[in-house]
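Report on the following structure.
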Amino acid sequence: MKRFHWIQFTAITAGLCLFAAAASADGMLDDLVMKKDFKSKRVSSFDRSGGNADRAVIEPGATLTLAEIEGAGIIKHIWVTINHPDRLYRRNLILRMYWDGEENPSVESPIGDFFGQGWGEEYNFVSMPLVASPGGGKALNCFFSMPFSKGARITVENDSAEPCRAFYYYIDYQEHKRISKDAYRFHAWYNQEITEPWKGDENEWGTLRDTDDNTSNEHNYLFVDAEGEGHYVGVNYYVNCPSPMWYGEGDDMFQIDGEPYPYSLHGTGTEDYFCSSWCPKEVFLSPFFGYPRVNNNLGWLGRTHCYRFHIQDPIVFTKSLNASIEHGHANNMTQEMASVAYWYQKEPHKPFPALPDREARKPKPEINASDIHIWRDAWRRDMGGGVLWGNERKEK
């Protein structure tokens with residue numbers, strides 16, 4: 001346990017050092033000397049009576065409007081912290097954002113997954129655009145710029161059987177006279193899937209037979225399917241692997257403007273897309289990529305959260321973008337997968353599929369030692385019983 005905490009502390013410290021370097025390299029500190037042509041504004045949950053009840057309460061099934069802003073502006077920072085008795089409130093509070101009077105949200109996601117807290121869990125997360133900082137329940141921060149010309153609306157739905165006792169928030173924004181017509185709108189979409197092996201068996205690393213080939217994104221897990229003009233800027237990726245086998249041999253694929261295979265961007269494995277290597281199991285946090293939550297079970301059994309933000313290298317599309325990743329090589333693994341993809345695009349956007357309901361969003365239970373013992377018992381029976389060590393092979 002001490003070693004784990006030291007690794008986490010070292011990774012966070014290294015990440016913060018990289019933050020400072022990145023900020024300086026991008027000229028963010030240099031820009032502070034320049035005159036600003038906007039008004040600084042904030043919408044928050046402060047007690048309008050002057051008291052200290054600086055929170056909102058959200059009843060079960062109710063939707064709270066955090067902000068209803070008129071005119072032109074750019075949201076620069078969102079901060080929230082929450083007290084909710086529902087153990088899965090991070091999956092059951094649904095965040096939505098609407099720009100310029102649109103009916104279909106440009107952002108729709110469980111609030112935890114949006115801010116980098118997977119499976120309804122709570123853990124530290126440090127990146128350039130999104131941060132979950134220490135404290136009871138965590139403070140959730142977003143620094144993505146979100147422009148609008150005619151107005152912005154941000155809501156939170158309490159899709160829970162229990163009331164949210166306290167929802168605190170800041171939404172810091174700039175009020176502008178006008179926004180450039182070239183400014184894309186911010187988008188974020190939550191997806192989830194329990195994947196099935198494409199060929200019927202979980203043949204990772206060729207353990208069961210010769211490996212398959214895959215020359216299509218048809219069976220991949222989907223990050224985003226966007227239509228229009230814009231650029232993709234990253235993803236939070238949550239994978240729960242019910243096997244000790246390595247979950248991440250899947251390639252990332254970015255199909256731009258409907259192009260045929262091979263696509264413009266094709267990766268070589270999950271950990272490679274997330275800027276690491278060789279099946280990592282170590283907490284690591286940096287401005288653009290990292291692993292804030294890793295499994296500590298046998299092999300790669302369990303939950304891992306990876307993130308990759310394309311701040312320096314956005315992926316540009318002019319007509320459409322299909323961004324996806326294989327679940328195991330050639331899509332041969334059963335996995336519980338969830339993600340929030342982030343991108344900017346010109347409106348109108350393609351409406352999102354219906355959000356999975358509360359029961360469907362509930363994370364699968366973690367595999368434990370008893371489960372593995374049951375697997376072994378079933379295997380022994382299949383092998384005919386007797387004294388078996390566990391790595392014998394049945395004759396074909």
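The values are calculated or read from the model by the stated rules, or taken from the named source; none is laboratory data. Predicted, not measured: the structure shown is a model, and the values here were computed from it. As a convention, Cβ positions derive from the backbone with ideal geometry for all residues, glycine included, and neighbour counts pool all protein chains shown.
So here's what we get for this one:
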item: Residue within the stretch 258-269 that is more than 20 Å from the chain's Cα centre (by Cα), modelled with pLDDT of 95 or more, closer than 17 Å to E326 by Cα and outside any loop (DSSP other than H, G, I, E, B) present; result: yes
item: Residue list for the stretch 219-266, filter: within 18 Å of G290 (Cα to Cα) and either free of Cβ contacts under 8 Å to residues at least 40 places away in the same chain or among the acidic types (D, E) (or both); result: E249, D251, D252
item: Residue ID - nearest to the chain's Cα centre (by Cα), chosen from residues in the stretch 159-196 that are buried (at least 18 other Cβ atoms within 10 Å of the Cβ) and farther than 30 Å from F38 by Cβ; result: Y190
item: Failed item in (1) outside the structural domain of D371 (by TED's automatic domain parsing); (2) closer than 30 Å to M128 by Cβ; (3) of a type outside the set (D, E), with A226 passing the rest; result: (1)
item: Count of the stretch 270-306 residues which are of a type outside the set (F, W, Y) and more than 19 Å from the chain's Cα centre (by Cα); result: 7
item: Residue match in the stretch 149-171 (condition: free of Cβ contacts under 8 Å to residues at least 60 places away in the same chain and either out of contact with any Pro (no Cβ under 9 Å at 6 or more places or on another chain) or within 21 Å of T304 (Cβ to Cβ) (or both)); result: no
item: Single residue of the stretch 286-299 satisfying the filter (farther than 14 Å from Y237 by Cα and modelled with pLDDT of 95 or more) that is surrounded by the most Cβ atoms within 10 Å (Cβ to Cβ); result: S286
item: Among residues of the stretch 354-379, those that are outside any loop (DSSP other than H, G, I, E, B) and either in contact (Cβ under 8 Å) with a residue 24 or more places away in the chain or assigned by TED's automatic domain parsing to the domain that holds S109 (or both), counted; result: 4
item: In the stretch 129-158, the residues that are surrounded by fewer than 22 Cβ atoms within 10 Å (Cβ to Cβ) and among the charged types (D, E, K, R); result: K150, R153, E157
item: Among (1) within 22 Å of L301 (Cα to Cα); (2) crowded, with 22+ Cβ neighbours inside 10 Å, the one test that V224 misses; result: (1)
item: C164 being farther than 16 Å from I78 by Cα and outside the structural domain of W343 (by TED's automatic domain parsing); result: yes
